[in-house]
1. What angle, in degrees between 0 and 90 and rounded to the nearest 10, separates the Cα long axis of helix 35-45 from the longest principal axis of the Cα atoms of the chain?
2. Going toward the positive end of the dipole of the chain, with +1 on Lys and Arg Cβ and -1 on Asp and Glu Cβ, which of 42, 82, 57 do you reach last?
3. For the range 5-93, which whole-number percentage of the solvent-accessible area (1.4 Å probe, protein heavy atoms only) is attributable to carbon and sulfur atoms?
4. Does a label point 7 Å from the Cα of residue 13, set along Cα-to-beta-carbon, have any residues of the range 70-93 with amide nitrogen under 14 Å, and which are they?
5. Given the -39500 (n - 2.57) contribution per DSSP H run of 4+ residues, what per-residue ellipticity at 222 nm results for the chain, rounded to the nearest 500 deg cm²/dmol?
6. Given a 10 angstrom Cα cut-off, can you work out which residue in 49, 62, 79 is the most mobile in a GNM of the chain?
7. How large is the accessible surface of residue 60 in square angstrom, using a 1.4 angstrom probe and rounding to the nearest 10?
8. Hey, what D do you get for the chain in µm²/s if you plug the Kirkwood alpha-carbon radius into Stokes-Einstein at 10 °C and 1.306 mPa s?
Amino acid sequence: MEKFTFKRKLPIWKIILGSIAIGVGIVSIFSSFKGFISIGVGIFLLLIESSEFDFKHQKYREVKSILGFNFGTWKPIPEIEYVSVFKTNETTT
(Lines give C-alpha, C1' and ligand atoms only; values in the text may rest on other atoms or scores of the structure.)
Protein backbone atom coordinates (compact mmCIF):
# COMPACT_ATOMS: atom_id res chain seq x y z
CA MET A 1 0.00 0.00 0.00
CA GLU A 2 1.72 3.19 -1.19
CA LYS A 3 -1.07 5.70 -0.50
CA PHE A 4 -3.79 5.71 2.13
CA THR A 5 -6.66 8.20 2.19
CA PHE A 6 -9.12 8.68 5.03
CA LYS A 7 -12.19 10.72 4.10
CA ARG A 8 -14.86 11.74 6.54
CA LYS A 9 -18.31 10.89 5.25
CA LEU A 10 -20.45 13.94 4.50
CA PRO A 11 -23.91 13.73 6.14
CA ILE A 12 -26.84 13.66 3.72
CA TRP A 13 -28.36 16.82 5.22
CA LYS A 14 -25.19 18.77 4.39
CA ILE A 15 -25.29 17.51 0.80
CA ILE A 16 -28.92 18.55 0.40
CA LEU A 17 -28.57 21.97 2.08
CA GLY A 18 -25.27 22.72 0.33
CA SER A 19 -26.70 21.89 -3.08
CA ILE A 20 -29.80 24.00 -2.43
CA ALA A 21 -27.69 26.94 -1.22
CA ILE A 22 -25.47 26.83 -4.30
CA GLY A 23 -28.50 26.55 -6.59
CA VAL A 24 -30.27 29.49 -4.92
CA GLY A 25 -27.03 31.48 -5.03
CA ILE A 26 -26.54 30.89 -8.74
CA VAL A 27 -30.12 31.92 -9.50
CA SER A 28 -30.01 35.01 -7.27
CA ILE A 29 -26.55 36.14 -8.38
CA PHE A 30 -28.14 37.59 -11.53
CA SER A 31 -30.41 39.88 -9.53
CA SER A 32 -28.40 40.65 -6.40
CA PHE A 33 -24.89 40.58 -5.01
CA LYS A 34 -26.23 38.55 -2.05
CA GLY A 35 -26.10 35.40 -4.19
CA PHE A 36 -22.37 35.17 -3.44
CA ILE A 37 -23.19 34.68 0.26
CA SER A 38 -25.49 31.77 -0.54
CA ILE A 39 -22.84 30.20 -2.78
CA GLY A 40 -20.26 30.60 -0.01
CA VAL A 41 -22.53 28.88 2.52
CA GLY A 42 -23.15 26.05 0.04
CA ILE A 43 -19.43 25.55 -0.56
CA PHE A 44 -18.80 25.53 3.21
CA LEU A 45 -21.47 22.84 3.71
CA LEU A 46 -20.06 20.66 0.91
CA LEU A 47 -16.47 20.87 2.17
CA ILE A 48 -14.99 17.45 2.99
CA GLU A 49 -11.97 17.07 5.28
CA SER A 50 -9.64 14.11 4.86
CA SER A 51 -6.10 12.92 5.48
CA GLU A 52 -3.81 11.39 2.89
CA PHE A 53 -0.60 9.46 3.52
CA ASP A 54 2.07 8.66 0.93
CA PHE A 55 4.24 5.94 2.48
CA LYS A 56 6.52 5.60 -0.54
CA HIS A 57 7.71 9.22 -0.28
CA GLN A 58 7.19 9.47 3.53
CA LYS A 59 4.74 12.41 3.28
CA TYR A 60 1.24 13.27 4.49
CA ARG A 61 -1.28 16.07 4.04
CA GLU A 62 -4.58 17.21 5.49
CA VAL A 63 -6.92 17.69 2.55
CA LYS A 64 -10.00 19.85 2.07
CA SER A 65 -12.09 18.74 -0.91
CA ILE A 66 -14.91 20.52 -2.69
CA LEU A 67 -16.62 19.03 -5.74
CA GLY A 68 -13.70 16.65 -6.32
CA PHE A 69 -10.94 19.28 -6.12
CA ASN A 70 -8.38 18.57 -3.37
CA PHE A 71 -6.42 21.26 -1.55
CA GLY A 72 -3.59 20.64 0.89
CA THR A 73 0.19 20.76 1.15
CA TRP A 74 2.42 17.74 1.58
CA LYS A 75 4.54 17.57 4.73
CA PRO A 76 7.20 15.01 5.69
CA ILE A 77 6.11 12.29 8.09
CA PRO A 78 8.03 12.74 11.36
CA GLU A 79 9.96 9.87 12.93
CA ILE A 80 7.44 7.55 14.60
CA GLU A 81 8.28 6.01 17.98
CA TYR A 82 5.11 3.94 18.37
CA VAL A 83 1.52 3.63 17.13
CA SER A 84 -1.46 3.62 19.46
CA VAL A 85 -4.89 2.41 18.35
CA PHE A 86 -8.02 3.03 20.37
CA LYS A 87 -11.77 2.91 19.86
CA THR A 88 -13.76 6.15 19.86
CA ASN A 89 -17.08 7.54 18.68
CA GLU A 90 -17.13 10.63 16.49
CA THR A 91 -20.10 12.92 16.08
CA THR A 92 -20.70 15.58 13.45
CA THR A 93 -22.39 18.83 14.35
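1. 30
2. Projecting each Cα onto the dipole axis, the largest value belongs to 42.
3. 65
4. Zone members listed by number: 91-93.
5. Theoretical 222 nm ellipticity from helices: -9500 deg cm²/dmol.
6. Answer for the Gaussian network model of the chain: 79.
7. Its heavy atoms expose roughly 60 Å² to the probe.
8. 101
The values are calculated or read from the model by the stated rules, or taken from the named source; none is laboratory data. All figures in this text were calculated on a predicted structure; none of them were measured in a lab. Here the Cβ is made from the backbone with ideal geometry for all residues, glycine too, and neighbour counts use every protein chain on show. With ligands, DNA and RNA removed, areas are computed over all heavy atoms of the protein, side chains included. Shrake-Rupley method; radii C 1.70, N 1.55, O 1.52, S 1.80 Å.
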